[in-house]
Amino acid sequence: MDTGETLLLALDLTGTFAFALNGALTAMRVADVDIIGVLTLGIITAMGGGIVRDMLIDSLPPATFSDWRYLAVAAGGSLIAFFLGRRLSHLMGPINMLDAVGLSFFAVTGASKALAFGLGPAQAVILGAVTAVGGGTLRDVLTKRVPNVLRSELYAIPALIAATIVVVATTFHFYGLPIALVAAVLCFAVRMIGVRYDLNAPKPPRRNLGG
Amino acid sequence: MDTGETLLLALDLTGTFAFALNGALTAMRVADVDIIGVLTLGIITAMGGGIVRDMLIDSLPPATFSDWRYLAVAAGGSLIAFFLGRRLSHLMGPINMLDAVGLSFFAVTGASKALAFGLGPAQAVILGAVTAVGGGTLRDVLTKRVPNVLRSELYAIPALIAATIVVVATTFHFYGLPIALVAAVLCFAVRMIGVRYDLNAPKPPRRNLGG
Amino acid sequence: MDTGETLLLALDLTGTFAFALNGALTAMRVADVDIIGVLTLGIITAMGGGIVRDMLIDSLPPATFSDWRYLAVAAGGSLIAFFLGRRLSHLMGPINMLDAVGLSFFAVTGASKALAFGLGPAQAVILGAVTAVGGGTLRDVLTKRVPNVLRSELYAIPALIAATIVVVATTFHFYGLPIALVAAVLCFAVRMIGVRYDLNAPKPPRRNLGG
């Protein structure tokens, strides 16, 4: 494994860890879960998006599920949340930042893998976003909440931007590590700007609701 | 593509459009979703049933998901809901009718595809109904509702009738376009009668509940 | 089919029946479901865990879904719940016991099947538990509850113990019918002790929550 691959693996595992930690903390905050719940929901947050993508593109068993390193890192992040819990609350800044790293990474690798399995461009963009946001969506459903990603914040949109860059670059044959990094950094930046300035995706025009 | 195939494709896309429009309107009515939520829930309502069926029969990637025309029509229906919203409320009659077209079509094509993939008769009936009602069920779960199809109305039952006709006709070797149309028309009629007279599937005998 | 196989099939169908009956009764108690809902939720409770496992290990169409005997037994259990309902309430002792038989059986056969499909040891343990508890989890999501298995009781833990025994024994080449029975009996015993003494899995340390 050369330096580039080691770096990619490290970033991917970092994202997995951050998703599990953040997912387990969210689950503990919104539902009265026990250790099985914390572990399950942390792991599902971290790996659920990739698992759904792999089911849809028929790459089974799912890649991260089969690789013990991802399972171990996801379980570790969940257990840290279980034992430290609220004491991590003053670290939410860094945790949100690591979560954005995961979002960016998963969007890029998700879109890229979908293309490699022969899916079309629109499908690859969607699957990039599914990889990035699918795990948190499953966690929210299991803790009886309307998934955050469907309601507020800029969470799916940066993932869709990154996945679109990957797909366009691949279509025009100039995709490579530099473009992947550009896409990931842009996703990260949009996500962090959204967190900082509390931006949301557009809601339906108000005159069209209720009644 | 001959006229028959064009007609089938047109009906199938009509159903997809109606499911997406209706699904997105329902999502906007019951949850505080943003544009990502409206698009996601509209597309899931339209294509979720077929995707679940294709996962279970191992026909991956799922057919409608791979075909950009279905994605485009589903996204279009969702966006119309997003921008017009309440102003469509006086069109709920025609929208319900188009939705019943989708229900009928998906039940027939779903059962038929399951048989073509070698599933048994009971399985094909179930998968016909799953194709027809699965997307709306997923939408309801994502918007934190007990799925309507499990609680009230005549929605699964007409789909099960149509799927059963397809399976019986195929088993006795007289399945063809005429039978498919009979099954779809019957499903459509039962569904519309249910809507018109507000009929529901039977509930458990009351003396057996609560306590 | 020799006596051993007949016994295994009988135990497996017994577990399927108990899961469907118990799942349908739970669904009727917590949600206002109709006959479609009772049937759907009973069958999903009974077969959902195995279906999720088979999707993840790429054994499609799912085994129990393809075998009409499992479908028939699951539908039968659900219909008994629908028609008898509350009158079964004085039988909850035996029903809980049969449910524990299902839990034990599904954990053992689930882990064993995952290993046979080449999954690693940690993955096989997880999939054994998923087979045992996945159906009830899906039912709870569909009836808008945070799944019980994530919150309380000893339900996943006995399944994880049984699956771990199967995996360890297989790894060291002494797995066989006697070990399978030991694993199942131990799972059953831990589950019944948990029911009897109202034991729960550990919660997060209280000082780490809320705020």
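The values are calculated or read from the model by the stated rules, or taken from the named source; none is laboratory data. Computed from a prediction, not measured in an experiment: that's the story for all the values here. Neighbour counts run over all protein chains shown; Cβ positions are idealised from the backbone, glycine included.
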Subset of region B:111-122 [over 13 Å from the mean Cα position of the chain (by Cα) and buried (at least 24 other Cβ atoms within 10 Å of the Cβ)]: B:ALA114
Would you point out the residue of region B:60-72, among those that are over 16 Å from the mean Cα position of the chain (by Cα) and more than 7 Å from chain A (Cβ to nearest Cβ), that is surrounded by the fewest Cβ atoms within 10 Å (Cβ to Cβ)? B:ARG69
Failed item in (1) in contact (Cβ under 8 Å) with a residue 12 or more places away in the chain; (2) assigned to a helix (DSSP H, G or I); (3) within 21 Å of B:VAL149 (Cβ to Cβ), with B:VAL33 passing the rest: (2)
Residue check, C:GLY93 crowded, with 22+ Cβ neighbours inside 10 Å, assigned to a helix (DSSP H, G or I) and more than 10 Å from chain A (Cβ to nearest Cβ): no
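Can you tell me how many residues in region A:104-137 are assigned to a helix (DSSP H, G or I) and of a type in the set (Phe, Trp, Tyr)? Steps first, please.
Filtering region A:104-137 for residues assigned to a helix (DSSP H, G or I) gives A:104-116, A:121-137.
Now restrict to residues that are of a type in the set (Phe, Trp, Tyr): A:105-106.
Number satisfying all stated conditions: 2.
Matching residues to (1) among the charged types (D, E, K, R); (2) surrounded by fewer than 24 Cβ atoms within 10 Å (Cβ to Cβ); (3) closer than 30 Å to C:ARG151 by Cα:
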residue	(1), (2), (3)
A:GLU153	yes, yes, yes
A:LEU160	no, yes, no
A:VAL168	no, yes, no
A:LEU177	no, yes, no
A:CYS187	no, no, no
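Based on what the data block shows, is B:GLY4 surrounded by fewer than 24 Cβ atoms within 10 Å (Cβ to Cβ), farther than 17 Å from B:LEU91 by Cα and among the small types (Gly, Ala, Ser)?
Details: surrounded by fewer than 24 Cβ atoms within 10 Å (Cβ to Cβ): yes; farther than 17 Å from B:LEU91 by Cα: yes; among the small types (Gly, Ala, Ser): yes.
For B:GLY4, the condition - surrounded by fewer than 24 Cβ atoms within 10 Å (Cβ to Cβ), farther than 17 Å from B:LEU91 by Cα and among the small types (Gly, Ala, Ser) - is met.
Using the structure shown, decide if A:ARG86 is within 30 Å of B:ALA72 (Cβ to Cβ) and in contact with a Lys or Arg (Cβ under 9 Å, 6 or more places away or on another chain). Full working, then the answer.
Numbers: within 30 Å of B:ALA72 (Cβ to Cβ): no; in contact with a Lys or Arg (Cβ under 9 Å, 6 or more places away or on another chain): yes.
Judged against the criteria, A:ARG86 is not a match.
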Can C:GLY23 be described as under 23 Å from B:ALA201 (Cβ atoms) and in contact (Cβ under 8 Å) with a residue 60 or more places away in the chain? yes
Within region A:29-59, residues being farther than 13 Å from A:SER78 by Cβ, of a type in the set (Gly, Ala, Ser) and facing chain C (nearest Cβ under 7 Å) number 1
If we scan region A:169-189, do we find a residue that is within 14 Å of another protein chain (Cβ to nearest Cβ), part of a helix (DSSP H, G or I) and within 16 Å of the chain's Cα centre (by Cα)? no
Would you please list the contacts, defined by Cβ atoms under 6 Å and residues six or more apart or on different chains, that run from a residue in region A:59-76 that is part of a loop (DSSP other than H, G, I, E, B) to a residue that is not aromatic (Phe, Trp, Tyr)? A:LEU60/C:ASP58; A:PRO61/C:LEU56; A:PRO61/C:ILE57; A:PRO62/A:ILE51; A:PRO62/A:ASP54
Among B:VAL101, B:VAL141, which is modelled with pLDDT under 95, in a helix (DSSP H, G or I), facing chain C (nearest Cβ under 9 Å) and in contact with a helix residue (DSSP H, G or I) (Cβ under 7 Å, 6 or more places away or on another chain)? B:VAL141
For C:LEU150, are the conditions met, namely being within 10 Å of chain A (Cβ to nearest Cβ) and either under 24 Å from C:LYS203 (Cα atoms) or over 16 Å from the mean Cα position of the chain (by Cα) (or both)? yes
Could you give every pair whose Cβ atoms fall below 8 Å, whose first residue belongs to region C:80-106 and is touching a residue at least 40 places away in the same chain (Cβ under 8 Å), and whose second residue is basic (Lys, Arg) and surrounded by fewer than 17 Cβ atoms within 10 Å (Cβ to Cβ), counting only separations of at least 6 or pairs across chains? C:GLY85/B:ARG207
Where B:GLY136 falls short, out of the listed (1) surrounded by fewer than 23 Cβ atoms within 10 Å (Cβ to Cβ); (2) touching a residue at least 40 places away in the same chain (Cβ under 8 Å); (3) under 29 Å from A:PRO202 (Cα atoms): (1)
Would you point out which residue out of C:VAL108, C:VAL125 is more than 14 Å from chain B (Cβ to nearest Cβ), out of contact with any Gly (no Cβ under 8 Å at 6 or more places or on another chain) and either among the hydroxyl-bearing types (Ser, Thr, Tyr) or surrounded by 24 or more Cβ atoms within 10 Å (Cβ to Cβ) (or both)? C:VAL125
Read through the list (1) in a helix (DSSP H, G or I); (2) crowded, with 17+ Cβ neighbours inside 10 Å, then give the number of the only condition that B:ILE193 fails. (2)
